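The values are calculated or read from the model by the stated rules, or taken from the named source; none is laboratory data. Predicted, not measured: the structure shown is a model, and the values here were computed from it. Don't worry about glycine lacking a Cβ; one is built from the backbone with ideal geometry, like all the others, and counts go over all protein chains shown.
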Amino acid sequence: MYYSSILEKFNIKELNEMQNAMLEAVPKQNDVVLISPTGSGKTLGFLIPILGLLDEEKKNVQVLIVVPSRELSIQIEQVFKQMNTNFKINCCYGGHSVRIEENNFLHPPAVLVGTPGRIAHHLRRKNLLLDDVKTLILDEFDKSLEFGFKDEMEFIVSQCKHLNKRILTSATSLHEVPSFVGLRHSVELDFTSRQRKSNSVLSIKSVRVEGDDKLEALMLLLGKIKSKSTLVFCNHRDAVNRISEQLNLYNVEHGFYHGGLEQIDREKTLIKLRNGSINLLITTDLAARGLDIPEIETVIHYQMPATEDVMIHRNGRTARMHASGTVYFLLDIEDHLPQFLESQPVEESLPKKLEFPPPCEWKTLYIAAGKKDKINKMDIVGMLLQKGKLQKDELGKIEVLDHSAYVAVKANKIIKTLQLIKEEKIKNRKIKMEISS
């Protein structure tokens, strides 16, 4: 089992049923369509078997992975790097430095992952050649179509002249695969019926708003569930912004996330959610799938999902694998439970008194240097433990980007730590460090 050492790096003892099915299906002479719910391990499900398709002697891109979002591109790159193979991976997406991506192509990676628009841009500029690409992976394929990337994907596929394998993944069933994909002798692996494991429990509840102030009802509900990690889903950006403004008035720590934000702001928000600096995220359906975020305990439908697929993706953020979770439908006088909801939710009442979740245990330290500045995690750990006088349990998750790094530090230590390190250097360089806003 060549993959056993890879699993150790993720603290996984064995592949799950879906991943084993992919391990068997991908090497065969057929295309593969994988339908598997959010949080089921699709990324490892296709990354592990493609290792057997890579040739160390070849110097160009051999596997192309096309994804609908910047965040998913970054996530796949991070997972592949954590696998610690002999093969290089790079990612390209809108908002990332075009110059860095062009420089990466001077020594092409074996695996390239990116968004349709940016990959098509490099192809048209002749920065990128796909002559040696034998395997094409269209991850979250239905979402790429939903986002309007059909023309870019069709162009990209047309540039892959020597394909012998196509892998499509989705969290929900694909009603139709466009002819430009060119599926041949495809095998479909459908794991959606197994979405809820026997060891996972999803509780579905409804809360009826008394009066006409839905925003106040949300505040009461957030106070009731206290510090549990929570996603609040809205259908529109203005609702996200309105809720965020209200939470700011009450000094409730949270993040907000939608497509109108700059890429770096979206990235920082997800980093804080992953490292525990925030436990509450107000978001559009952009965060319903394809993001690397931790296990969520509670999902709140502030605005009702428009389709069954949207509801499945939202709910899929909690009670993943062997965990449990709770979904709330927050209903005002004009709201009705979705017709496609199979079970009747348990009605729950709201408290009369407004209370808010306790402060988060962690804060995020921003460091204005990263991988491209030759800064790595061990440089940061050494500086914070030795000069910042932190204990190991006071230092949390560290994420190093191209030109920045973000470090979780215990909230009650971060100000003192900043005072101790304000004149310190990393790799003999004076670098700006501050609490991330």
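Some points to look at:
- Evaluating Pro27 against the criteria (1) exposed (fewer than 13 other Cβ atoms within 10 Å of the Cβ); (2) over 30 Å from Asn315 (Cβ atoms) leaves one unmet condition, (1).
- In the stretch 244-262, residue nearest to Ser229 (Cα to Cα) [restricted to those that are loosely packed, with under 14 Cβ neighbours inside 10 Å and under 17 Å from the mean Cα position of the chain (by Cα)]: Gly259
- Spans of helices (runs of 4 or more DSSP H) in the stretch 1-78 with at least 3 residues more than 27 Å from Cys92 (Cβ to Cβ) and of a type in the set (A, V, I, L, M): 17-25
- Residue under evaluation Pro359, criteria (1) in a loop (DSSP other than H, G, I, E, B); (2) out of contact with any Asp or Glu (no Cβ under 7 Å at 6 or more places or on another chain), criterion not met: (2)
- Ser198 being of a type in the set (Gly, Ala, Ser) and at pLDDT 95 or above: no
- For the stretch 208-240, the tally of residues that are touching a Leu at 6+ places or on another chain (Cβ under 8 Å), β-branched (Val, Ile, Thr) and farther than 18 Å from Cys360 by Cα stands at 1.
- When restricted to residues that are assigned to a loop (DSSP other than H, G, I, E, B) and among the polar types (S, T, N, Q), the stretch 228-273 contains 3.
- Residue selected from the stretch 140-163 under the condition at pLDDT 95 or above and surrounded by 21 or more Cβ atoms within 10 Å (Cβ to Cβ), by the criterion nearest to Ser69 (Cα to Cα): Met153
- Residue within the stretch 294-313 that is within 13 Å of the chain's Cα centre (by Cα) and among the β-branched types (Val, Ile, Thr) present: yes
- Subset tally (residues that are touching a strand residue (DSSP E or B) at 6+ places or on another chain (Cβ under 8 Å), free of Cβ contacts under 8 Å to residues at least 24 places away in the same chain and part of a loop (DSSP other than H, G, I, E, B)) for the stretch 362-410: 0
- Looking across the stretch 222-243 at every residue that is buried (at least 19 other Cβ atoms within 10 Å of the Cβ) and touching a strand residue (DSSP E or B) at 6+ places or on another chain (Cβ under 6 Å), the one that is nearest to Leu354 (Cα to Cα) is identified as Ile243.
- Unmet criterion (only one of (1) β-branched (Val, Ile, Thr); (2) touching a strand residue (DSSP E or B) at 6+ places or on another chain (Cβ under 8 Å); (3) in contact (Cβ under 8 Å) with a residue 40 or more places away in the chain; (4) under 29 Å from Leu270 (Cα atoms)) for Val32: (4)
- One residue stands out in the stretch 85-111 among those that are touching a residue at least 60 places away in the same chain (Cβ under 8 Å) and outside any loop (DSSP other than H, G, I, E, B): the one that is surrounded by the fewest Cβ atoms within 10 Å (Cβ to Cβ), namely Ile100.
- Test: Leu420 is touching a Gly at 6+ places or on another chain (Cβ under 8 Å), modelled with pLDDT under 90 and farther than 27 Å from Ile293 by Cβ: no
- Scan of the stretch 126-154 for residues that are assigned to a loop (DSSP other than H, G, I, E, B), under 18 Å from Leu168 (Cβ atoms) and either outside the structural domain of Leu72 (by TED's automatic domain parsing) or of a type in the set (Asp, Glu) (or both), ordered by number: Asp139, Glu140
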